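Asks: This is the structure, below, for whatever I ask next.
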Amino acid sequence: MRKFDGLYFLDDTDRTILKELTANARATMQGMAEKIGTSRVTVFRRMDAMEKAGVITGYTVLVDWKKLGNS
């Protein structure tokens, strides 16, 4: 991830990590590393950098309230 003129630019590995997290925020770093063909340390460092830069702002849970009787 590089910063230029106040904006962050992601490479393919950063984008892939974000896509994996978007699909499954509970994915393990080891699982993501194996899936994208890199090391767990690389995933950790890149996620840490994106968190510190504010690119990743949090992790969340989506609830299907209808399944609980709420509309």
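Asks: Using only Cα atoms, tell me the angle between helix 40-52 and the longest principal axis of the chain; keep it within 0 to 90° and round to the nearest 10.
Replies: 80
Asks: Once the Cα atoms of helix 12-23 and of the chain are each reduced to a long axis, what angle between those two axes, in degrees from 0 to 90 to the nearest 10, is obtained?
Replies: 10
Asks: Would you check the chain for Lys pairs whose C-alpha atoms are within less than 26 Å, ignoring same-chain pairs closer than 8 in sequence, and give me the count?
Replies: Working: Lys3/Lys19; Lys3/Lys52; Lys19/Lys35; Lys19/Lys52; Lys35/Lys52.
Eligible lysine pairs with Cα atoms under 26 Å apart amount to 5.
Asks: Where does each of 5-17, 36-48 land if you order them by average Cβ count within 10 Å, highest first? Write out the running numbers ahead of the final one.
Replies: On the way: 5-17: 12.2, 36-48: 14.9.
Top to bottom by mean Cβ count within 10 Å: 36-48, 5-17.
Asks: Can you give me the distance in nm between label points at Leu10 and Gln30, each placed 7 Å from the Cα along the Cα-to-Cβ direction?
Replies: 2.5
Asks: Which value in deg cm²/dmol, rounded to the nearest 500, describes the helix-derived mean residue ellipticity at 222 nm for the chain, given -39,500 (n - 2.57) per DSSP H run of n ≥ 4 and division by the residue count?
Replies: Taking each H run of at least 4 residues, the total per residue is -14000 deg cm²/dmol.
Asks: Would you mind working out the accessible area per residue for the chain, using a 1.4 Å probe, and quoting it in Å²? Don't skip to the answer; put the middle values down first.
Replies: On the way: 5700 Å² over 71 residues.
About 80 Å² of surface per residue is accessible.
Asks: Round to a whole number: what % of the accessible area of the chain belongs to carbon and sulfur, probe 1.4 Å? Before the final figure, lay out the partial values.
Replies: Numbers: 2950 of 5700 Å².
Using a 1.4 Å probe with all protein chains present, the chain comes out at 52 percent carbon and sulfur.
The values are calculated or read from the model by the stated rules, or taken from the named source; none is laboratory data. Note that this is a predicted model, so its numbers are computed, not measured. Quick reminder, even Gly has a Cβ in these numbers, built from the backbone with ideal geometry, and neighbours come from all protein chains shown. To get the accessible areas, we keep the full protein, side chains included, count just its heavy atoms, and leave off ligands, DNA and RNA. Shrake-Rupley method; radii C 1.70, N 1.55, O 1.52, S 1.80 Å.
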